[in-house]
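Down below is the structure, laid out as structure tokens.
Taken together, the values in this text are just the output of simple stated rules run on the coordinates, not laboratory data. Since the model is a prediction, treat every value here as computed from it, not as a measurement. Cβ atoms come from the backbone with ideal geometry, glycine included; neighbour counts cover every protein chain shown.
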Amino acid sequence: MIIGEETVRRHLSIEDGIKCVEDTWRWYGEGKVVMPNKITTDMSELGVPGWFNSMPAYIGPTDTAGIKVVGGYEGNRALGLPFIKANVLVTDSRTGILRALVSGDYINDLRTGCQPAVMAKVLAAKTDVVTIIGTGRMAYFSLLCMSKVLEMKEIRLADISEEAMDRFIARFSDAPFTFVKCASNEEACRGSDVVITITNANADLVEEPWLKKGSLVMTMGSFRETSFDVVRKADKIAVDQVGQSLHRGNLKELAEMGEITADSFDIVVPEVLAGKMKGRTDPDDRIYAQIIGTGMLDVAFAGLVLQKIEESGEEVFRFDMTK
């Protein structure tokens, strides 16, 4: 089967996505998912301005095997295409025959947005005031998904572009919460229950003195987004997956300096969902959480799309690879 974007969107609701993330993380915590660490191919070394990750996984409970190939391509914006492009290949786990090629753009967006929704549901002491630093596409999906599972009253926004914040707010015209555009990251963070960074930055966007007791800070970018002290002085450090968290994202530099190891993580969210460890145990704890993003979610989403297509009886384009 060859599944395009419109078909994926038709068969994958936000509620489906949130449940799929929660289920897949729990299965991973239970040892029912096989997932090697992602591999990055950086083509810029040979003059091609782009990179792509290879992210394989096998989801045991749904018998779904596959690989997500996702990358960032610098020339896409000039072509009117999103910077990030993704595809998911799903294979028969017993024979290796290709079951489907699935467009992965919406899957990538939705699973990215579902992650902070599930993580905040597990780790946040309160969610009345939520700060979002960076108001791009991934921030939109994050707030959209969080609005389905969290009670939020005030959303504070911080971005280098006021126009970007205005566009972001316009997409939530009937939201049950109020928006506040902040002049600085500090203004946005002080007194906030949850702080989320979703940027392409490599900078100290959040400083430790700005964070109150009981706050949850979640970073989702590929590089450093907080000062080192946000991590060093956190009462608990949480991750979605141990291996990749040591060499990507906000924790990478601390790991390279030897300050962070696999033993530094107090909370591994899939293991919390599996009942193997506790999450938040004190409402006053300041918890730092890194969401690194894992291929098992994209493969699981693609498998769910195939299941829903088969259940609906919808005819989709099929191609015989043996001919």
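Computed per residue of the chain from DSSP H runs no shorter than four, each worth -39500 (n - 2.57), the mean residue ellipticity at 222 nm is -9500 deg cm²/dmol.
Counting only Cα atoms, the size of the chain along its three principal axes is 63, 44, 42 Å, in decreasing order.
Evaluate E = 1/(1 + (r/R0)^6) for Met257 and Phe177, where r is the Cβ-Cβ distance and R0 equals 41 Å; express this FRET efficiency to the nearest 0.05. Display every interim value, and only then the final one.
Working: r = 39 Å, r/R0 = 0.95.
For Met257 and Phe177, the calculated efficiency is 0.60.
Identify the GluC sites (Glu not before Pro) of segment 275-323 meeting these criteria: DSSP loop state and at most 15 other C-beta atoms within 10 Å of the C-beta. Can you show the working numbers first?
On the way: sites: Glu310, Glu311, Glu314, Glu315; in loops: Glu314, Glu315.
Those that pass, being in a loop and sparsely packed, are Glu314, Glu315.
Within the listed set Phe177, Phe168, Phe141, the residue fluctuating most in the Gaussian network model of the chain (springs between alpha-carbon atoms under 10 angstrom) is Phe177.
Taking Cα centre as origin and charging only the Cβ of basic (Lys, Arg, +1) and acidic (Asp, Glu, -1) residues, the dipole magnitude of segment 83-221 rounds to 580 debye.
Here's the picture: charge each Lys and Arg Cβ at +1 and each Asp and Glu Cβ at -1 in the chain, and of Ala170, Ser54, Thr199 the one pushed furthest to the positive end of that dipole is Ser54.
If one takes the longest principal axis of the Cα atoms in the chain, at what angle in degrees, from 0 to 90 and to the nearest 10, does the Cα axis of helix 295-312 lie? That helix lies at roughly 50 degrees to the long axis.
Can you put His247, His11 in order, fewest other beta carbons within 10 Å first? The fewest-first ordering by Cβ neighbours comes to His247, His11.
Just to be sure I understand: with springs between alpha-carbon atoms less than 10 Å apart, which residue in Ile97, Ile169, Ile14 has the highest mean-square fluctuation in the Gaussian network model of the chain? Of the options given, Ile97 has the highest mean-square fluctuation.
Most simply put, the chain has about 50% antiparallel DSSP beta bridges, counting only bridges with both residues inside it. For Lys212 and Asp42, a Förster radius of 35 Å and the Cβ-Cβ distance give a FRET efficiency of 0.35, rounded to the nearest 0.05. Taking 0.36 nm per residue of sequence separation and removing the Cα-Cα distance, the Glu30/Asp92 pair yields an extension gain of 20.0 nm.
If R0 is 45 Å, what FRET efficiency do you get for Ile160 and Ser312 from their C-beta distance, rounded to 0.05?
Details: r = 43 Å, r/R0 = 0.97.
Calculated transfer efficiency: 0.55.
Can you give the local net charge around Asp298? Use residues other than it whose beta-carbon is closer than 12 angstrom to its beta-carbon, Lys and Arg +1, Asp and Glu -1.
Working: positive: Lys38, Lys68, Arg111; negative: Asp105, Asp109.
Surrounding charge for Asp298 is +1.
In the elastic network of the chain, a GNM with C-alpha springs shorter than 10 Å, the most mobile of Asn185, Asn108, Asn202 is Asn202.
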